[in-house]
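One structure is given here, and the rest of the page talks about it.
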Amino acid sequence: MKSVVRAKRERRPWGWRSRFAALGILLWALMPIALILYLGTVSSGIRVVGEPQPVWVPVADVVETTNRQVQLDLTWSAPTNLVAPNWSGLVRAVHIRPGTDVKSGDIILKIDAVDRMAWHAKSPFYRSLSAGDQGGDVRELQRLLKFEGFGNSDTGRFDYETQRGVARLASKLGVAERVSAFLPEWVLYLPKASVKADEVMVSVGALAPASGETVFVARPKLLAAKLAAPTGAVAATPSGLVATAEELLIVGTEEIELDDERQKASSAGLAALDQVLKPEDELVVGVLERRLDRDATEVSVAAVHTDPDGTNCVMVKRGSAQPFIENVEILGGSDGRTAVAGGLTTSDRVGIGIFEVNDRCN
């Protein structure tokens, strides 16, 4: 009877503790498999980073000009006083005013009934001239008469033809009586063929200025206009700023011609500046304008590579063709863009981040 009871106890089912232990063993066995599956899933979403990829950017049309601001340092002559010869009488008319260009042969005023004319000569007339006189002043008188159309003599002697010319000149000026001699008070001496009146010292109704008194003050002449860096900027060279052969100097709306050294205004440039500036101006601001070639285009500054030899180039992608290197000339630019001359077109794209520091252009 005891043996039967023992057999029944051995066949009794597992308890809860046994079941929990079996589950733990199962989970321990499955964990490596689950970990492997998890790592495979995560690794499938990881991207390996390789070399940086180039960026291709478009080539654009370029503006027609590039400008750089400059200033012109100005040098003026001293003012010139134009003084009267031996005048007397009452001023009845004044034909000049500030800003008038007084030229050789111009009538400038009337004293009593006689007009007085301006004349440029090597020196002023200093004496009356009549038949028999000769010398350089007679030759100058003959030049005056020829200018007025009153004779062709050039002998330096006061001959009959000169006397006839003097009579015709006197009649033109309003001299009433018949004359046979030239009087120096008919003429105001001009030191140059043309001067600009800056201040007029005579007025209608006043007594004529006496010998040596100022008739008008000539405007100072612009002697030099030299290129310089704008105030506060550093000059490009120790000797000053130099314009390139392609650059034009523009002041206001006027193109100012430069001399052969490209550092200052030429004679023609000074004449043009003299028309728009005032003698009190010590400097004037302008721009050096470069008119770009028709084949010029604009690219990102970051796309331009400068090799160890100083050559500039870009990597070009044209359609479906393989990228290639194109040498370019930098023309200037701003705001991260630069104008270049070369074989680029607006249908091209240029690469950024392609060149190494020591890569060479073509």
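Quick notes on this structure:
- The condition of being surrounded by 14 or more Cβ atoms within 10 Å (Cβ to Cβ), under 28 Å from the mean Cα position of the chain (by Cα) and either in the same structural domain as Gly252 (by TED's automatic domain parsing) or farther than 26 Å from Leu249 by Cβ (or both) holds for only one of Val340, Val287, Val314, Val350, that being Val287.
- Inside region 133-162, residues that are on the phi > 0 side of the Ramachandran plot and at pLDDT 95 or above make up a count of 3.
- Strands (runs of 3 or more DSSP E) contained entirely in region 72-158, each with at least 2 residues that are crowded, with 17+ Cβ neighbours inside 10 Å and charged (D, E, K, R): 114-120
- Condition broken by Pro279, with the remaining ones in (1) crowded, with 19+ Cβ neighbours inside 10 Å; (2) in contact with a Phe, Trp or Tyr (Cβ under 8 Å, 6 or more places away or on another chain); (3) closer than 30 Å to Ile256 by Cβ satisfied: (1)
- Residue, surrounded by the fewest Cβ atoms within 10 Å (Cβ to Cβ), within region 159-176, restricted to residues that are within 28 Å of His95 (Cβ to Cβ) and hydroxyl-bearing (Ser, Thr, Tyr): Ser171
- Of all residues making up region 303-328, the number that are in a loop (DSSP other than H, G, I, E, B) and of a type in the set (Lys, Arg): 1
- Matching residues in region 86-117 - criterion: being within 21 Å of Ala176 (Cα to Cα) and in contact with a Ser or Thr (Cβ under 6 Å, 6 or more places away or on another chain): Asn86
- Condition check for Ala197: in contact with a Lys or Arg (Cβ under 8 Å, 6 or more places away or on another chain) and over 18 Å from Lys122 (Cα atoms): yes
- Condition met for Leu277 (in a loop (DSSP other than H, G, I, E, B), in contact with a strand residue (DSSP E or B) (Cβ under 9 Å, 6 or more places away or on another chain) and not polar (S, T, N, Q)): yes
The values are calculated or read from the model by the stated rules, or taken from the named source; none is laboratory data. In this text the structure is predicted, and so the values were computed from the model without any measurement. A quick note on method: Cβ atoms are made from the backbone with ideal geometry, for glycine too, and the neighbour counts reach across all protein chains shown.
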